[in-house]
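Read through the structure below, which is laid out as structure tokens, and then see the notes.
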């Protein structure tokens with residue numbers, strides 16, 4: 001079923017075309033950019049424009065910091081605590097990736 005305002009919409013587009021509103025638009029005549037994740041193009045663009053990162057990315061960065069701390073630490077008790085944190089962080093990352101993939 002067509003949109004109830006399809007005739008009005010089509011008329012407005014035709015008017016704009018006649019007035020040249022669509023002439024010289026950036027990217028005119030060029031193919032649309034290819035996206036790795038076509039289902040989430042809008043979400044990806046919004047995140048990029050707002051400098052947002054998915055949760056699993058920020059968690060992965062925290063995990064890297066823990067790994068660096070583990071390498072620098074020689075104290076056995078602290079190493080055990082860091083490894084426990086790393087294990088929990090890896091589980092959080094797995095859950096965040098699963099949620100992101102939906």
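Bear in mind that the values in this text are calculations on the coordinates, not laboratory data. All values derive from a computational prediction rather than experimental measurement. Every residue, glycine among them, receives a Cβ derived from its backbone with ideal geometry; neighbour counts consider all protein chains shown.
From the Cα gyration tensor of the chain, with a ≥ b ≥ c the square roots of its eigenvalues, which class applies: rounded if a/c is under 1.5, or else prolate if a/b is larger than b/c, or else oblate?
Here the chain falls in the prolate category.
Per DSSP helix of 4 or more residues, -39500 (n - 2.57); summed, then divided by the residues of the chain. What does that give at 222 nm, rounded to the nearest 500?
Here the helix-only value at 222 nm equals -22000 deg cm²/dmol.
What is the distance in Å between the Cα centres of region 1-19 and region 78-97?
Measuring centre to centre over Cα atoms gives 55 Å.
If each residue's Cβ is checked for other Cβ atoms within 10 Å, how do 22, 56 rank with the fewest at the top?
22, 56
Roughly what angle does helix 6-19 make with the longest principal axis of the chain, taking Cα atoms, 0 to 90 degrees, to the nearest 10?
Taking the Cα atoms of the chain, the angle to 6-19 is about 80 degrees.
Could you check which residue among 50, 40, 24 shows the biggest mean-square fluctuation in a GNM of the chain with a 10 Å Cα cutoff?
24
Could you check the simple spin-label distance between residue 67 and residue 95, using points 7 Å along Cα→Cβ, in nm with one decimal?
Calculated label separation equals 2.2 nm.
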